[in-house]
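Laboratory data are not the source of any read-out in this text; all were calculated from the coordinates shown. None of the values given here were measured: they were computed from a predicted structure. When we count neighbours, we look across all protein chains shown, and the Cβ atoms used for this are built from the backbone with ideal geometry, even at glycine.
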């Protein structure tokens, strides 16, 4: 008999969506629209920059953001941990099979189809650094911005797209409702798993390589969950219609953000940082 | 008597199952609700009470007959928004009517829909959250609230739209005793301030709160009157699989022993007063 951990059914505990950590720092108080813009610019910069020095500077900057937002860097590291296998697999693949793209520089190994050059080594290390930088950066974003602020931010950033008939509000509403119902469904699923388990069902007890078995185990949960979701959606539609919701009609907006000088300064700084990262001729 | 706020004129409704079988739900139902009234609609499961309540703001349209809300026919699509602004509706499931990820945004949802200017919204949200006693929770995510608190947020979302009438469609049936009591407190206060209340329920203790009770069975109105009169029809209610409040049962039982004890009591406090009255009369000191 396998021992069952007491937290096996406690799904709500493991929800990481919106792991907002309010510390009231400067970064927390930034206008979410500007924060999202700055985030996008920095991610693009990090994705393009391909020098050792540039990436080390970017990583240092990402670490500094943790300090600035008064969030312990361990939160960032715990975000990197699950990505480590992917980073390693990617590194091996790049090292062995990317020689055609990165064939320049000194040749280190040339054995059969394996060709390792200083360029391909650089590719591997820079990719790994990029991964960590971007995880750090998005951790800072989600830890310092509540999901509500993020959806509001996305909505108002996309608002100009309304002119080309993109349903901006509907899009934002879909995201909001999806986030809103994550804990509800997690709780629902928890209840169902407990109900099924008390009637002898087993979840996740098969060995991990028996993928088919483990998938089958989940069916008794998935189908009722769909059912419940449909019922909830129906109720929600009625409630929304009762509150005068008509898709596509003109609405007013409650949450309005007003960017402060500090926000513009931060954005300007990020743009300058990006230009520096991409344009400066780093020696390595 | 004043001009009725909701006029229900001979409405019928049926559901169609599998495109050919029809199930009649309401048959020729007529009644009026006057401004400031507190009406409860009771009936056992499947009696059609919930279907009836969904007609009040035009979610369902009657097959025949008409419903007028403040003189506006619910059939007319271009009046729909105005009608739904006048008649707010709170549903059974606390979780399924909150759309936003924080309380304050959810209250704002209805206001955004009807195009209230942003400058006016804050005051309205403050008012609504204050009216249901949820002001301190305005920045909280809804999943951290209890069922009763969620239901109060749902009411706030409607109050912010300044309706004239609040329809509660079994709004307390998923709540515990405390949650239910909170909701009833809020509803009673709103009614005292002049709001028309229509409450669909099967909790008899809630019925005693109302000024008028409509009992519905197989899609037809069988009783309509003040709670005190209705609860006297014990036999009929029993046939309809409906209970009477505990206070009412107790008064009736004591009345069988002692004719002087009044049989038509419906509130717990009335029982206490009656016991005190009779004891004092008979020279027994209670208290």
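Things worth noting here:
- Mean-position separation - Cα centroids, the stretch B:120-150 and the stretch A:59-87, in angstrom: 35
- Comparing A:182, A:126, A:164 in a Gaussian network model of chain A (Cα springs below 10 Å), the most mobile by mean-square fluctuation is A:164.
- Helix B:118-131 vs. chain B, principal-axis angle (Cα, 0 to 90°, nearest 10): 20
- For chain B, relative contact order (Cα pairs under 8 Å, six or more residues apart, normalised by length) works out to 20 percent.
- P(r) histogram, all alpha-carbon pairs of the stretch A:181-247 included - 5 Å bins from 0, percent: 4, 15, 19, 18, 16, 10, 6, 5, 5, 2, 0
- The Cα center of the stretch A:109-173 and the Cα center of the stretch A:185-246 differ in position by 30 Å.
- In degrees, nearest ten, helix B:103-113 long axis to first principal axis of chain B (Cα): 60
- Share antiparallel - DSSP beta bridges, the protein assembly as shown, percent rounded to 5: 60
- Rule-of-thumb Rg ratio for the stretch B:245-287 [Cα; 2.2 N^0.38 Å; N residues]: 1.08
- Note on the stretch B:139-287: Rg/Rh from C-alpha atoms, Kirkwood Rh, equals 1.05.
- Note on chain A: helix-only mean residue ellipticity at 222 nm, from DSSP H runs of 4+ residues weighted -39500 (n - 2.57) and normalised by residue number, equals -21500 deg cm²/dmol.
- Each part gets one Cα centre, and for the stretch B:83-113 versus the stretch B:243-287 those centres are 43 Å apart.
- Average other protein chain Cβ within 10 Å of Cβ, residues B:103-112: 5
- Average other protein chain Cβ within 10 Å of Cβ, residues B:275-285: 0
- Antiparallel DSSP beta bridges within chain B, as percent of all bridges there, nearest 5: 55
- Mean Cβ count within 10 Å, highest first, over the residues of peptides B:225-233, A:169-177, A:20-28: B:225-233, A:169-177, A:20-28
- Rounded tilt (10° steps) of B:147-159 against the dominant C-alpha axis of chain B: 60
- Relative contact order (%) - criterion: Cα under 8 Å, at least six apart; region: chain A: 31
- Our compactness index for the protein assembly as shown, the C-alpha radius of gyration over the empirical 2.2 N^0.38 Å, is 1.28.
- Within 10 Å of each Cβ in B:88-101, the average number of Cβ atoms from other chains: 6
- Scaled radius of gyration (Cα, divided by 2.2 N^0.38 Å) that the stretch A:135-284 gives: 1.54
- Peptides ranked, highest mean first, by Cβ atoms within 10 Å: ranges B:147-154, A:41-48: B:147-154, A:41-48
- Ellipticity estimate at 222 nm from DSSP helix runs (n ≥ 4, -39,500 (n - 2.57)) divided over chain B, nearest 500: -10500 deg cm²/dmol
- Protection proxy ranking, peptides B:243-255, B:207-219, A:246-258, A:68-80, average beta carbon neighbours within 10 Å, highest first: B:207-219, B:243-255, A:68-80, A:246-258
- Ratio Rg/Rh, restricted to the stretch A:199-284 and using Cα atoms, in which Rh is the Kirkwood radius: 1.32
- Linear extension gain, residue A:271 paired with residue A:215, 0.36 nm per residue minus alpha-carbon span: 15.5 nm
- Size of the stretch B:6-244 from its Cα atoms: along the principal axes, largest to smallest, the extents are 50, 40, 36 Å.
- Over chain A: Kirkwood hydrodynamic radius from C-alpha pairwise inverse distances, Å: 22.9
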